[in-house]
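The values are calculated or read from the model by the stated rules, or taken from the named source; none is laboratory data. Computed from a prediction, not measured in an experiment: that's the story for all the values here. Here Cβ is always computed from backbone atoms with ideal geometry, including for glycine, and neighbour counts include all displayed protein chains. Surface areas here come from the heavy atoms of the whole protein model, side chains and all, with no ligands, DNA or RNA. Shrake-Rupley method; radii C 1.70, N 1.55, O 1.52, S 1.80 Å.
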Amino acid sequence: MQPLKKRTLRGILWNGVQRFGTLAVSLAANLVLVRMLTPEDFGCIGILLVFVAVSQTLIDGGFTAALIQKKEVSQTDYSTVFYWNLILSVLLIGALALVSPLVAAFYRIDALNDILRAQSVVLLINSFCIVQTAQLIKKLEFKVLAIRSVAAAMIGAIVAILLAYRGWGVWSLVVKELVASSVGAVLLWSFCKWHPSPIFSWRSFRGMFRFGSMIFVSDVINTLYQNMQALIIGRAFSVQELGYYSQARKLEEVPVNGGTTVLTQVLFPVYSSIADQYERLKSLVRRNVVLITYLSFSIMFLLIVIARPLLLVLFTDKWAPAIPLFQILCFEGVFYPLNCANALLFKSLGNGKVYFILQSVKRLISLLMILYSVRFGLYGMMWAIAAMGILSYVINLVFTHRIFGYRVREQLSDILPNLLLSVVVATTTWGILRLLDFGDHLVHIVTGSLLFGFLFMALSRVFGMKGFRLMLDLWK
């Protein structure tokens, strides 16, 4: 086994522990909190998430990607980024404090004023962690990040549950983020031995900004798009419906963002390290696309099939309106890993301009579609989001063919067998479950999952699915 392959697999393992461990803790805490808090409480946090998320992206500024992609990084580079992050976080906290009354007035919720000001402190805390995180990702040392993230999430969740039990309401969710970020920062500085030097270089800053600037603008656009949905729902419909959407999105993100983040964080430095070896890189990209789609397609279609009993068991009948929203978001999630895989390729090649153009065009089209779809109600808006996921992949398909040489025919031959298999298995499983008509939700979930898994694996073996063989190779 080659050293790069060993390091990649080890990175995927520990990054998986980090991402899915954190998501598991968050999900477990959420299952308790939804029984103590209201949809309106979660809706308030959903409204403000866009302001914090965009500010966090502004602080990062594309420098994390630049530090990872750059072959030789000096202490001056690291220190320059560190101080830039700190200064910008303080400025953005001040800016959010100024606009918070306007946000509260726009949504006619007075509590948003104080909540946004308190929540913005997370920006300063997180700015202390950006450089150390980039260093560890660059070295594929995900074990430290895993321990830090899971521990911080657990402590934040415990504090939130205790506060919610004592009647803190929406503030328990605010404190949860503050505590988790603080604990994570303390642990990261304890584990990571790097410390900044008293130096700031504009030359270093400009050099990294040239690469990171396009990625930075693209990431801002992407973050705005992902969180703009919550802003539109909160304004065009209601805070309660936003609460339903927020819970559906959180649950959908467990498999979608979990698996995708694990792979992209590990594969970015791996792809970057062999960017000048075309044949080797293309072979690795194709294998990963097959494996990613084989796993992600099956998971998302299974969730669509068992969505109703799953949400009723996890969230109780109070959250039943979130079920169709969750199913539509899962359909969008089918194509999300593919879009991330294509975007990752352009970043790894250092082609920030192409990445910027692609993201900008896709997000502009998406925003226009979403704004137009509002007139058709919440479900109409959800289906517009799902349709844009498909359109984004078509755009990525063409650009990957023309720029990287990963031909459309090759890409379709890599993903269509996995898509067809998942659709056939999902349809068959759904039909059988309809005939059996279980009254118990838990039995429905277990039976549906086992049946789907059996059919999927059996047909994979019968038809010799490439994704199935690749998965077996990983276990050897």
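What net charge do the residues around HIS441 carry, taking every other residue with its C-beta under 13 Å from that of HIS441, with Lys and Arg at +1 and Asp and Glu at -1? Don't skip to the answer; put the middle values down first.
Values: positive: ARG308; negative: ASP317, ASP437, ASP440.
Value of the local net charge: -2.
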- line: Amide H proximity to SER201 below 5 Å, modelled H, separation 5+ or other chain, gives THR80
task: Please check the chain for the longest run free of chymotrypsin sites (Phe, Trp or Tyr not before Pro) that are loop-located per DSSP (anything but H, G, I, E, B) and have at most 15 other Cβ atoms within 10 Å.
output: 195-437
- request: Report the relative contact order of the chain, percent, no decimals, based on alpha-carbon pairs under 8 angstrom and at least 6 residues apart.
  value: 20
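Which of the trypsin sites (Lys or Arg not before Pro) found in the range 102-201 are loop residues per DSSP with 13 or fewer other Cβ atoms within 10 Å of their Cβ?
Details: sites: ARG108, ARG117, LYS138, LYS139, LYS143, ARG148, ARG166, LYS176, LYS193; in loops: ARG108, LYS139, ARG166, LYS193.
The qualifying sites are ARG108, LYS139, ARG166, LYS193.
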Added length on full extension, which subtracts the Cα-Cα distance from 0.36 nm per residue, LEU442 to GLU279: 53.9 nm
field: Reach of LYS318 by Cα under 15 Å, taken over aspartates and glutamates that are not fewer than 8 positions away in the same chain
entry: GLU40, ASP41, GLU241
- prompt: Taking only the alpha-carbon positions of the range 25-180 and ignoring solvent, what does the Debye formula give for the base-10 log of I(q)/I(0) at q = 0.08 Å⁻¹?
  reply: -0.28
query: Name the trypsin sites (Lys or Arg not before Pro) in the range 369-423 that are in a loop by DSSP and that have at most 16 other C-beta atoms within 10 Å, would you?
result: ARG407
For the range 72-139, convex hull of alpha carbons as volume per residue, Å³: 86
- prompt: Once the piece of chain linking ARG375 and HIS195 is laid out straight, how much longer is it, given 0.36 nm per residue of separation minus the C-alpha distance between them?
  reply: 59.5 nm
- prompt: Near the amide H of ILE109, under 5 Å away, which other amide H atoms are found, from residues 5 or more places off or on another chain, if H is placed in the peptide plane?
  reply: none
query: Can you work out ³J(HN,Hα) from phi for every residue in the range 96-105, in order, using Karplus 6.51 cos²θ - 1.76 cosθ + 1.60 and θ = phi - 60°, giving whole Hz and x for Gly and Pro?
result: 5, 5, 6, 8, 4, x, 5, 5, 4, 5
message: I'd like the distance separating the alpha-carbon centroids of the range 443-470 and the range 71-90, in whole Å.
response: 47
message: Could you work out what % of the accessible surface of the chain is carbon and sulfur, using a 1.4 angstrom probe and leaving DNA, RNA and ligands out of the count?
response: 67
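For each pair in LYS70/LYS143; LYS143/LYS353; LYS71/LYS193, compute the distance between the two Cα atoms and list the pairs where it is over 29 Å.
Numbers: LYS70/LYS143 22 Å; LYS143/LYS353 33 Å; LYS71/LYS193 21 Å.
Correct reply: LYS143/LYS353.
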query: Which is farthest toward the positive dipole end of the range 1-153 among ILE47, ALA153, PHE142, measuring Cα position about the Cα centre, with Cβ charges +1 (Lys, Arg) and -1 (Asp, Glu)?
result: PHE142
Signed unit charges on C-beta, dipole axis of the range 284-410, positive-most listed residue VAL354, TRP383, ALA307: VAL354
message: With every protein chain left in place and a probe of 1.4 Å, what is the accessible surface of SER449, to the nearest 10 Å²?
response: 40
Net dipole in debye of the chain [+1 Lys, Arg Cβ; -1 Asp, Glu Cβ; about Cα centre; nearest 20]: 1440
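Which value, in Å², gives the accessible area per residue of the chain when a 1.4 Å probe is used on the protein heavy atoms?
On the way: 21160 Å² over 476 residues.
Per residue, the chain has an accessible area of 44 Å².
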